[in-house]
Amino acid sequence: MSFDVNPKDISVAEYLKFFGNQPGGIVLRWQFAGDHGERLSILEEALDRCYSRLVDTRGLNEDRSEDELSMQVANMLSASGISARHDRHINGHCDIVVDAEDGFMWLGEAKIHSDYSWLADGFLQLSTRYGTAMEGRDHGELIIYHRAGNSLNVLTTWQDRLFANHPDTELSFDIAQPKLFFRTVHKCPNSGCDFHVRHTIIPLMHAPEK
């Protein structure tokens, strides 16, 4: 794309019109976010980019721990201009915490899938330890690192088990292939307000046949 003016003279609005989906655009959009909902949308877009990079380098990450993978995600977010910290204390050590000066706070709890009880522990940590569901702090994510193949089947099974064990939890967005996430909402035990969780699985199997 070419411009008739010096790029230095382009306004922020013009820049975002053409480059808003690029890393530099994400930085600006995060800085100028008008409300918590817009901020959440930008964050999830950035998270999806981070997850894609983990998938693209899964052969190099096959021996990484939950902490090491989550630290990579937090570092990538920080490099995008989004304030993210790994293992921050929020009534416990939350894997990834993103906050902003307008009171926004997002919580991410990560698990390498070994069994479904381990995922259940992560959901309970988000629900009963970290989450408050106060204004701007009513969204979190269960991040599932999965290395065994057929991640969609694992995510579907996890959805079924979650609702069987937590009938008070409602589905707000079902799995829509090829998206590898679903969304739930439930009453936060602490505040009594709605807490929203995105359950995302990241397919990290590395078993090349050649």
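The values are calculated or read from the model by the stated rules, or taken from the named source; none is laboratory data. Worth saying up front: this structure is predicted, and the values here are computed from it rather than measured. When we count neighbours, we look across all protein chains shown, and the Cβ atoms used for this are built from the backbone with ideal geometry, even at glycine. Please note that ligands, DNA and RNA were not included when accessible areas were found on the heavy atoms of the full protein model with its side chains. Shrake-Rupley method; radii C 1.70, N 1.55, O 1.52, S 1.80 Å.
Couple of notes before you dig in:
- Among the residues making up segment 49-89, those that are surrounded by fewer than 17 Cβ atoms within 10 Å (Cβ to Cβ) and of a type in the set (A, V, I, L, M) are VAL55, LEU60, ALA79.
- Members of segment 193-210 that are part of a loop (DSSP other than H, G, I, E, B) and more than 24 Å from ARG137 (Cβ to Cβ): LEU204, MET205, HIS206, ALA207, PRO208, GLU209, LYS210
- Output for segment 25-37, where each listed residue is surrounded by 14 or more Cβ atoms within 10 Å (Cβ to Cβ) and in a helix (DSSP H, G or I): GLY25, ILE26, VAL27, LEU28, ARG29, TRP30, HIS36
- Residues of segment 149-163 satisfying the condition of being at pLDDT 95 or above and not β-branched (Val, Ile, Thr): ASN150, SER151, LEU152, ASN153, LEU155, TRP158, GLN159, ASP160, ARG161, LEU162, PHE163
- Residue satisfying all of: in segment 142-152; on the phi < 0 side of the Ramachandran plot and assigned to a loop (DSSP other than H, G, I, E, B); surrounded by the most Cβ atoms within 10 Å (Cβ to Cβ) among these: ARG147
- Selection of segment 153-192 for residues being assigned to a helix (DSSP H, G or I), open to solvent by 50 Å² or more (accessible area, probe 1.4 Å) and not basic (Lys, Arg) yields ASN153, THR156, ASP160, PHE163, ALA164, ASN165.
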